[in-house]
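Below you'll find the structure, written out as structure tokens, and then a few comments.
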Amino acid sequence: MVLQVLAIVVLGLICGSELNVAAFAHPTLNRQPLDVHIPVRASFARLFGKVMPLWMAASTLLNLLLLLPFEHLGVLAGHLAAVAFAIQVAAILFSLVGPVPINNRTKLWTPTNLPSNWRALERSWDLYHWIRTSALIVAFALLVVSALR
């Protein structure tokens, strides 16, 4: 039970952080002048580029640990936890091909060295982020239902 609670709390915190970025932080930044918008977005890209890989990997590992002693979970709970784990793995793989390459470019931006397609890159990153966030929220919900079973 402790492992389930820990897995839920860690994934729930990720979902909250990701939803905050998608729904509040980036839309607010997008309304700021470039001399504010770009340094803050680059700073977030640097920070989250360091933190999120570890956080997402730890969360996924916790979910995997839930699945290892599979006998303690009922059939439905085990299936729900397995689907949540699969979604988390898919979110990590999706991140590696979608938002991470953009993030790696964004963290180097300054208001004076923006690429010509910087707005398109930001829109792409934001879309990818919403997709990943939505998937992680579904995984979180499945993990909660799994624990309640």
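The values are calculated or read from the model by the stated rules, or taken from the named source; none is laboratory data. Fair warning: this is a prediction, and the values are worked out from it, not measured in the lab. Reconstructed Cβ throughout: ideal geometry from the backbone, glycine too, with neighbour counts over all protein chains shown.
Computed quantities for the displayed model
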quantity	calculated
Given (1) under 13 Å from the mean Cα position of the chain (by Cα); (2) surrounded by 15 or more Cβ atoms within 10 Å (Cβ to Cβ), number of the condition Leu121 does not satisfy	(1)
Hey, Ala86 under 14 Å from Thr60 (Cα atoms) and touching a residue at least 24 places away in the same chain (Cβ under 8 Å) or not	no
Residue list for the stretch 59-83, filter: without any contact (Cβ under 8 Å) to a residue 24 or more places away in the chain, hydrophobic (A, V, I, L, M, F, W, C) and not in a helix (DSSP H, G or I)	Leu68
First in the stretch 130-147 and touching a residue at least 40 places away in the same chain (Cβ under 8 Å), second anywhere and among the aromatic types (Phe, Trp, Tyr), Cβ under 8 Å, 6 or more apart	Arg132/Phe94; Ala135/Phe94; Ala139/Phe85
Flag if Ala42 is at pLDDT 95 or above and surrounded by 19 or more Cβ atoms within 10 Å (Cβ to Cβ)	no
From the options Leu142, Leu93, Leu108, Leu61, residue that is over 18 Å from the mean Cα position of the chain (by Cα), farther than 15 Å from Glu18 by Cβ and not charged (D, E, K, R)	Leu108
Set Leu13, Leu68, Leu73: member being surrounded by 15 or more Cβ atoms within 10 Å (Cβ to Cβ) and not small (Gly, Ala, Ser)	Leu73
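Each row is one residue, and each column tells you yes or no for (1) without any contact (Cβ under 8 Å) to a residue 60 or more places away in the chain; (2) assigned to a helix (DSSP H, G or I); (3) more than 15 Å from the chain's Cα centre (by Cα).
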{"site": "Leu19", "(1), (2), (3)": "no, yes, no"}
{"site": "His26", "(1), (2), (3)": "no, yes, no"}
{"site": "Asp35", "(1), (2), (3)": "no, yes, yes"}
{"site": "Leu54", "(1), (2), (3)": "yes, yes, no"}
{"site": "Ala57", "(1), (2), (3)": "yes, yes, no"}
